[in-house]
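Engineer: Below: one structure in structure tokens.
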Amino acid sequence: MMEDRSIVASQRCSIGEQGERMTKIRNFEDLEVWKISHQLVLEVYRVTKGFSNQELFGLTSQMRRASASVPANIAEGFGRQNLKEKINFYNIAQGSISELRYYFILARDLEYILSVEKQLDMCDHIARMLHIMMEKMRNART
């Protein structure tokens, strides 16, 4: 029963940068972390349009897949009722954002992108938000 209350509580609020409760949420699209990660997916598609065609099934595909995995796993986690499953999907999103962070570094080092500071900052921000969200859920159950 405690688990059910913490799930409901976690879905009533959006977690901001400092972890404060902000507003009631009704679906995953109301989560600030989902909104930012969705913007990052759009950024990845924009940036990878300029990559060489020979990278279409290489780095381009990997970056697009990893970026789309983040908001998709946030959405799927949001829809889960079991807290352990919910946290697991958010954890997968955390792994995907780390993977994407590496791909931005690789793209920079291969000189496909000149500057990746903005994208790396977005990755770090999303990772922090996911971490805070998962910690609050874990703490709410105890």
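Engineer: Right, Leu40: modelled with pLDDT of 90 or more and under 15 Å from Met133 (Cα atoms) or not?
Structural biologist: On the way: modelled with pLDDT of 90 or more: yes; under 15 Å from Met133 (Cα atoms): no.
No.
Engineer: Which residue, of Leu130, Leu114, is surrounded by fewer than 21 Cβ atoms within 10 Å (Cβ to Cβ) and of a type in the set (A, V, I, L, M)? Walk me through it before giving the result.
Structural biologist: On the way: Leu130 fails: surrounded by fewer than 21 Cβ atoms within 10 Å (Cβ to Cβ).
None of the other options fit; the residue is Leu114.
The values are calculated or read from the model by the stated rules, or taken from the named source; none is laboratory data. Quick caveat, the model's predicted, so the values are computed rather than measured. Every residue, glycine as well, gets a Cβ built from its backbone with ideal geometry; the counts of neighbours run over all protein chains shown.
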